[in-house]
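The values are calculated or read from the model by the stated rules, or taken from the named source; none is laboratory data. All of these numbers come straight from a predicted model, not from anything done at the bench. Please note: Cβ atoms are built from the backbone with ideal geometry, for glycine as well, and neighbour counts cover all protein chains shown.
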Amino acid sequence: MNKRSQSNGWGLTSSSLHPGVVRTDLARYLFDSEKASNNPFAKLTMKAVALFTRDVSKGADTHVWLAAGNGLEVGGKFYVDMKARVLGDQARDGGMARRLWEESGRIVGEILEGGEG
């Protein structure tokens, strides 16, 4: 996306990131929260999981840092904990990126033409 923006003069910056494993209340959609809150094993499990996850504000750090820009050239890179990381070969494959772009455009076009969404 960032390369396309630059070559087409769109004026957009695109980056990607991994926020880490963030502690949220999304598990409420997976479990009966009333039963889980009364289950000693579930309580213990959640305490153990909390040791290996980050809170929501820490999970948002890289999002906010990228959005603020701070005068840095952040486009076209992948970030973890506010640091650019090197992606694997498959993620940098230009042919794969082109196929993904084309397939995404096809799917979005079908949705828009079909009135879904």
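Overview of values
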| quantity | calculated |
| --- | --- |
| Criterion: free of Cβ contacts under 8 Å to residues at least 12 places away in the same chain and surrounded by 11 or more Cβ atoms within 10 Å (Cβ to Cβ) - qualifying residue of Leu100, Leu44, Leu112 | Leu100 |
| Tabulated pairs, the stretch 1-22, first under 22 Å from Asp81 (Cβ atoms) and in the same structural domain as Ala50 (by TED's automatic domain parsing), second of a type outside the set (A, V, I, L, M, F, W, C) and modelled with pLDDT under 85, C-beta under 8 angstrom, 6+ apart or interchain | Thr13/Gly69 |
| Tally, over the stretch 70-88, of residues that are part of a loop (DSSP other than H, G, I, E, B), under 21 Å from Met1 (Cβ atoms), in contact (Cβ under 8 Å) with a residue 24 or more places away in the chain and not basic (Lys, Arg) | 3 |
| Some residue of the stretch 62-75 being surrounded by 10 or more Cβ atoms within 10 Å (Cβ to Cβ), more than 19 Å from the chain's Cα centre (by Cα) and not charged (D, E, K, R) | yes |
| Per-region count, the stretch 41-65, residues under 24 Å from Thr13 (Cβ atoms) and aliphatic (A, V, I, L, M) | 2 |
| Qualifying residue in the stretch 50-59 (condition: under 28 Å from Lys3 (Cβ atoms), surrounded by 10 or more Cβ atoms within 10 Å (Cβ to Cβ) and assigned by TED's automatic domain parsing to the domain that holds Gly11) | yes |
